[in-house]
Amino acid sequence: MIDFMLPSLGADMDLAKLNCWLVKPGDTVHRGQIIAEVETDKAVLEVECWDEGVVEELVVSPGPTRIPVGTLLARIRPIEGAQAPPGAKEPAVEESASVLGPARPAARQEVQSPPVRHLAHQLGVDLARVTGTGPVGEITREDVHRAVATVTGEGQRVKASPLARRLASETSLDLSGVPGSGVAGMVTASDVRAAEQSVPVRPAAGPEPSEPEGRAETMRRAIARSMAHSKREIPHYYLANHVDLDRAFRWLTAQNEERPISGRILPAALLLKATALALRETPDLNGHWVDEGFRPSDAIHLGVAVSLREGGLVAPAIHDADRLSLDEMMARLRDLVNRARSWRLRSSEMSDPTITVTNLGERGVETAFPVIIPPQVAIVGFGKVVDMPVAVDGQPAVHPVVHATLAGDHRVTDGHRGGLLLDALDRLLQEPESL
Amino acid sequence: MNKEQARQIIFEVLGEIAPEVDPAAVDDSSDLTEQLDLDSMDYLNWMLGINQATGVEIPQRDVSRFLTIDGAVDYLVDHSG
């Protein structure tokens, strides 16, 4: 029997309340499947399961009581021969249906990758009835979406915008009964508001609403805890470098000219990809400080600081960022930002970052001096892109320039190593076509 | 599409991105990203939503027309059927 515990939910996030289960006893669960929703001070998180098996027992019931990380949540009976090797955790990969890159090596070994199974589960599609069109006959997300067109009845997920879902959940409105006026019948927030005026509101049942009063205050306390810990424990050093973005922006503009809006790449994706590749050259900045020692990470899971409109921020991970194409990076970034702002993140995204990138330039400052998020050992900051005079072949020219900064943990690295990261970042951004 | 219809769609999509925004309080002629504290992802999502709602494609070279509500309204009126 496998004990399914409440997993780590990110730095200084030791408690969470269980909002709901997405499985019931007797259900088969797969690696990467989202099986529960929990809520911490900072976010509502979808909790993934990393085992294959059948749910034997749900030990904890949803409710307002906060439970510690490591609490036994459920028991899962393993399926013989299908159990994951110990420690073979694989983050859920959210591929964009419109930007399907080559299958990842780990996913290719299975007929359907966990994300595809998860998508099929969400949309109520029986994969046994779907024909795969992938390179080795595997079922792709596009296959699943195609199958949805022919699937009707229960199990099919209502298409709705994040805000519409939030509004509907606040008033316990059943979205399946709301006519959608958005793209492809998507239910929009205004549809929900219209429906609320015509449908009597049911009293909320079960767990308390996912947006309790004072979320901004509890998030602020969580940030305070984490940052106070960081400033108390971590001897920061700071480095900065101007990076000429002339070539990168010219290349990006030319790329975007040929693309529809849905396929356009933001400069942020370029900066993230360059950071991820630069980290391959400086692995001692990528990992965690645990038990008075540095544990480097083989994988580069880039935490992305996302500010929220209601205040506060979260820094969930883009997994295996160095292995993504630029299109995949953009799709992941868009997905991550949108889900962060609608409070729909996953537990692994909060616990996995091996380094964080903050892009405060979006909000108008030229230089960021970021604070390391423990237990990470470095953080990269980008300021506002400004036109500045630079020397080109001995002659002055005005180019777009970004101020790239690094805060490093002096217990792990010295300024020299940090400088190598910023140098690599600069070099990579001068060859945007190779990113 | 007339100006009123274009404005309605523009604010409908904006409401999905920045729900707290009161259309009556927005200055239609000043920079939207500064006024509403939109970042580049918000801005891209806004144009994508307008594109999906209206079918009007917005080439990269025309993105600057969407810096203000007035500019966006005029663009949609000019480019819708």
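Computed extension length for A:Glu258-A:Glu366: 35.9 nm, one decimal, from 0.36 nm per residue of separation with the Cα-Cα distance subtracted. Given the options B:Gln35, B:Gln52, B:Gln60, which has the most mean-square fluctuation in a GNM of chain B, springs set between C-alpha atoms less than 10 angstrom apart? Among B:Gln35, B:Gln52, B:Gln60, the largest GNM mean-square fluctuation belongs to B:Gln60. Of the residues A:Ile373, A:Met388, A:Ala340, the one whose Cα sits farthest towards the positive end of the charge dipole of region A:286-435 is A:Ala340 (charges of +1 on Lys and Arg Cβ, -1 on Asp and Glu Cβ, taken about the Cα centre). Comparing A:Ile261, A:Ala240, A:Ser230 along the charge dipole axis of region A:230-291, the residue lying farthest to the positive side is A:Ile261, per the Cβ-charge model.
For the pair region A:219-262 / region A:35-68, the C-alpha centres are spaced 32 Å from each other.
Residue by residue along B:54-67, Cβ atoms of other protein chains within 10 Å of the local Cβ number 2 on average.
None of the figures in this text is laboratory data; all of them are computed from the coordinates on show. Because the structure is a prediction, the values reported are computed rather than measured. Every residue, glycine as well, gets a Cβ built from its backbone with ideal geometry; the counts of neighbours run over all protein chains shown.
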